[in-house]
Amino acid sequence: MKPIRFIMIGGFLGAGKTTTIGRLAAHYVQQGLNVALVTNDQAYDLVDTQTLRAKGFQVGEVPGACFCCKFDDLISTVGTLSEEKTPDIVIAEPVGSCTDLVATVIQPMRELFGDRFEMGPLVVLLKPSHGRKILSASQGKGFSPKAEYIFLKQLEEADSIAINKIDSLTKEVQEELLALVQRRFENVKAFGFSAREGIGMDRLLEAVESEPVKRDRMMDMDYVTYAEGEAELGWLNCQIKASAESRFDLDQLVLRIVDDISQELESSGSEIAHLKVLGQTLNDSAVANRVGSVTESELSLASEIKTQSADLLVNARVASSPELLESIVSQVASGLASELNIDLAVGQMQSFRPGKPEPTHRAS
């Protein structure tokens with residue numbers, strides 16, 4: 001039996017991985033290939049998973065920790081996706097705070113399951129808003145050096161670095177980012193593209209379909225710094241039930257929630273890694289997100305509907321305490337409910353700091 005092509009698209013929180021794998025999957029489906037997707041997160045109830053499923057893709061989810069710590073779950077999830085029809089390609093999206101993927105996922109899969117999988121390259125997306133600041137070593141508001149360590153290690157282990165969201169950058173900023181990447185990682189192929197607009201997809205496809213870089217050794221990794229960097233990020237997933245006597249604009253509601261949470265986080269001095277809000281009715285979905293404190297909120301998926309009820313899902317990844325995140329989300333829900341005359345009933349809420357990564361396998 002022909003092995004499954006396994007591709008991972010890495011990158012920091014808010015780099016655009018979900019949009020990218022959705023566009024890649026659509027491309028391969030149009031070619032007549034059977035494609036399965038696997039999402040991954042430290043928590044449960046992912047906006048990414050729901051968004052991709054709403055687009056009609058076959059999606060498995062590995063929650064609760066990184067792929068490296070849930071290696072067996074990754075393999076079993078792919079197996080479940082293969083029960084009805086073996087996929088030609090599996091595209092996996094690791095946690096945005098995860099790194100050391102070559103040593104803990106790709107190489108172990110090659111060694112243990114080389115007959116089942118043909119391992120593709122590791123393409124890592126560069127998030128411009130934080131990448132420009134970190135790579136230029138500029139001072140000011142942002143992540144701590146330990147969180148930046150994770151960001152830089154993700155780029156260091158990449159087979160290719162894809163600078164995403166170039167549609168929002170001037171030509172000068174694009175050239176500056178490319179120069180910063182090539183100066184720091186001179187042996188890694190780098191290019192710009194836009195997953196949202198489809199600009200430069202030929203370059204992304206070339207990178208994804210290339211052969212992985214042959215390595216003499218695995219990347220050096222300080223797991224103490226890695227763990228401390230992850231632990232500085234607060235994680236929150238929250239379910240909210242929205243209902244009203246009059247119909248409300250779902251797109252405006254999810255965008256307003258993102259805006260108001262972002263304003264409160266900015267006032268507290270907390271740096272946003274990624275904030276997403278999904279609103280769903282029986283037939284329609286809307287997604288708003290924000291990927292940094294200096295960026296604008298955007299409606300990445302429009303429903304263009306008015307409704308009297310919707311299920312909302314909030315995913316927040318912020319350099320902040322989980323307790324503060326809970327307080328802000330509850331406060332924003334209460335304030336908007338009063339202002340907009342919409343009942344926003346906060347339901348299940350999960351918040352925490354990620355634990356120390358303990359890989360199932362690590363190649364030497």
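The values are calculated or read from the model by the stated rules, or taken from the named source; none is laboratory data. This is a predicted model, so every value here is computed, not measured. Counting neighbours? That spans all protein chains shown, and the Cβs are built from the backbone with ideal geometry, glycine included.
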Strands (runs of 3 or more DSSP E) contained in region 1-97 and holding at least 1 residues within 30 Å of A227 (Cβ to Cβ) and without any contact (Cβ under 8 Å) to a residue 60 or more places away in the chain: 35-41, 58-63
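Could you say which residue among E232, E245 is of a type in the set (D, E) and either within 30 Å of K189 (Cβ to Cβ) or touching a helix residue (DSSP H, G or I) at 6+ places or on another chain (Cβ under 7 Å) (or both)?
Working: E245 fails: either within 30 Å of K189 (Cβ to Cβ) or touching a helix residue (DSSP H, G or I) at 6+ places or on another chain (Cβ under 7 Å) (or both).
None of the others qualify; the one that does is E232.
Specify which of the listed residues (A288, A207, A273) is closer than 30 Å to K171 by Cβ and assigned by TED's automatic domain parsing to the domain that holds E148.
A207
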Pick from region 32-49, criterion farther than 12 Å from N315 by Cα and buried (at least 18 other Cβ atoms within 10 Å of the Cβ), ranking: farthest from the chain's Cα centre (by Cα): V35
Single match in A15, A43, A25 (criterion: hydrophobic (A, V, I, L, M, F, W, C) and modelled with pLDDT under 95): A43
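Does region 213-225 contain at least one residue that is outside the structural domain of T19 (by TED's automatic domain parsing), in contact with a helix residue (DSSP H, G or I) (Cβ under 8 Å, 6 or more places away or on another chain) and assigned to a helix (DSSP H, G or I)? Walk me through how you get there before you give the answer.
Filtering region 213-225 down to residues outside the structural domain of T19 (by TED's automatic domain parsing) leaves none.
No, the conditions are met nowhere in region 213-225.
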Unmet requirement for T104, which otherwise passes all of (1) closer than 18 Å to H274 by Cβ; (2) assigned to a helix (DSSP H, G or I); (3) among the hydroxyl-bearing types (S, T, Y): (1)
Residue ID - modelled with the lowest pLDDT, chosen from residues in region 292-349 that are in a strand (DSSP E or B) and of a type in the set (S, T, Y): S300
Out of G56, G16, G96, G10, sole residue that is surrounded by 18 or more Cβ atoms within 10 Å (Cβ to Cβ), among the small types (G, A, S) and on the phi > 0 side of the Ramachandran plot: G16
Residue under evaluation L178, criteria (1) among the aliphatic types (A, V, I, L, M); (2) in contact (Cβ under 8 Å) with a residue 40 or more places away in the chain; (3) over 21 Å from T19 (Cα atoms), criterion not met: (2)
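Hey, among V287, V188, which residue is buried (at least 16 other Cβ atoms within 10 Å of the Cβ), in contact with a Lys or Arg (Cβ under 7 Å, 6 or more places away or on another chain), touching a residue at least 24 places away in the same chain (Cβ under 8 Å) and not aromatic (F, W, Y)? Walk me through how you get there before you give the answer.
Details: V188 fails: in contact with a Lys or Arg (Cβ under 7 Å, 6 or more places away or on another chain).
Of the residues listed, the single one that is buried (at least 16 other Cβ atoms within 10 Å of the Cβ), in contact with a Lys or Arg (Cβ under 7 Å, 6 or more places away or on another chain), touching a residue at least 24 places away in the same chain (Cβ under 8 Å) and not aromatic (F, W, Y) is V287.
So for region 260-280 (the condition being within 19 Å of K165 (Cβ to Cβ) and in a helix (DSSP H, G or I)), does at least one residue qualify?
Initial filter on region 260-280 (within 19 Å of K165 (Cβ to Cβ)): 262, 271-276.
Next, only the ones that are in a helix (DSSP H, G or I) stay: 262.
Among the residues of region 260-280, at least one is within 19 Å of K165 (Cβ to Cβ) and in a helix (DSSP H, G or I), which makes the answer yes.
Looking at region 315-328, is at least one residue surrounded by 19 or more Cβ atoms within 10 Å (Cβ to Cβ), out of contact with any Ser or Thr (no Cβ under 8 Å at 6 or more places or on another chain) and charged (D, E, K, R)?
no
Here is a yes/no grid of residues against (1) over 24 Å from K127 (Cα atoms); (2) of a type in the set (V, I, T):
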position	(1), (2)
V277	no, yes
A288	no, no
E298	no, no
K306	yes, no
I328	yes, yes
L344	yes, no
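When you scan region 243-256, do you find a residue that is assigned to a helix (DSSP H, G or I) and among the aromatic types (F, W, Y), even just one? Lay out the reasoning, then the answer.
Within region 243-256, the first condition is being assigned to a helix (DSSP H, G or I), and the residues that meet it are 250-256.
From the residues that got through so far, the ones that are among the aromatic types (F, W, Y) too are none.
No; the residues of region 243-256 include none that is assigned to a helix (DSSP H, G or I) and among the aromatic types (F, W, Y).
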Number of the condition not met by P128 [criteria: (1) over 23 Å from E228 (Cβ atoms); (2) surrounded by fewer than 22 Cβ atoms within 10 Å (Cβ to Cβ); (3) of a type outside the set (A, V, I, L, M, F, W, C)]: (2)
Within region 191-250, considering residues that are out of contact with any Lys or Arg (no Cβ under 7 Å at 6 or more places or on another chain) and aromatic (F, W, Y), the one farthest from T281 (Cα to Cα): Y223
